[in-house]
Amino acid sequence: MAAMSHQIDQVLIPRRRIARRVRHLAAQITLDHQQSGAEITLVPILTGAMIFCADLMRRLSMRLKMGLLTVSSYPGSSVRSQGPALLAQQLGELTGRHVLIVDDILDSGGTLGLVQGLVAELKPASLRTCVLLRKQRALQRTVKADYVGFDIPDVFVAGYGLDYDNYYRNLPDIVTLRPMMAREAQQP
Ligand code: XMP
């Protein structure tokens, strides 16, 4: 862990704040879906949403199933999106079901736009989206999330499932990285 921590710049969202917000999101989701009276299918977008979804789903009291999608936008050590690529899917039957897509972060909206379109084609009874983080970027406005944990500035973040070069996912807090690692993101 020492080798990893020296590259962290600062803690942006500490674990306790995350836990509190996840509880509130889960309460809201439970309430909204109680009204529709049916069970749901959760679709976390892997790999980044893995930890968020694991915490969130343990706070949801309704019956639910899981569908999985793996999408990659930041191959290797890139901190600039290369555009979303669908790597794998294991969605199960979504037709006529209430679907909740779960993602770690809404940035340009490319990933959620792709996934929302893909799921919508399967004719779910309803389709909602929950993201833990939403970056303040103009382009994202075209893609909407029904539930948002935190609005954050346009900085590259890692931890709590989010990665840099597939590292840092196991950090319990959401952090920013040292400028040395994020230098690619600072270029115009
Ligand atoms: P888009 O631009 O498609 O981005 O909305 C969403 C996906 O890109 C990844 N992403 C990040 N991953 N730190 C990360 O570790 C970030 O700051 C970041 N911004 C975007 C993430 O996988 C997300 O699902």
Take the Cβ-Cβ distance between L86 and R59 as r, set R0 to 45 Å, and report the resulting FRET efficiency rounded to the nearest 0.05. 0.95
Label-point separation (nm) for R137 and L31, each offset 7 Å from Cα along Cα-to-Cβ? 3.1 nm
Which net charge results when you count Lys and Arg as +1 and Asp and Glu as -1 among the other residues whose beta-carbon is under 10 Å from that of I13? +3
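Going highest first, how would you order 48-59, 112-123 by mean Cβ packing within 10 Å?
Details: 48-59: 19.5, 112-123: 16.1.
So the order, starting with the most tightly packed, is 48-59, 112-123.
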When DSSP assigns beta bridges and you keep just the ones with both residues in the stretch 28-169, what percent turn out antiparallel, to the nearest 5? 25 percent
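Since every read-out is calculated from the coordinates, none of them should be taken as a lab result. It should be emphasised that the depicted structure is a prediction, and the values quoted were computed from it without experimental measurement. Counting neighbours? That spans all protein chains shown, and the Cβs are built from the backbone with ideal geometry, glycine included.
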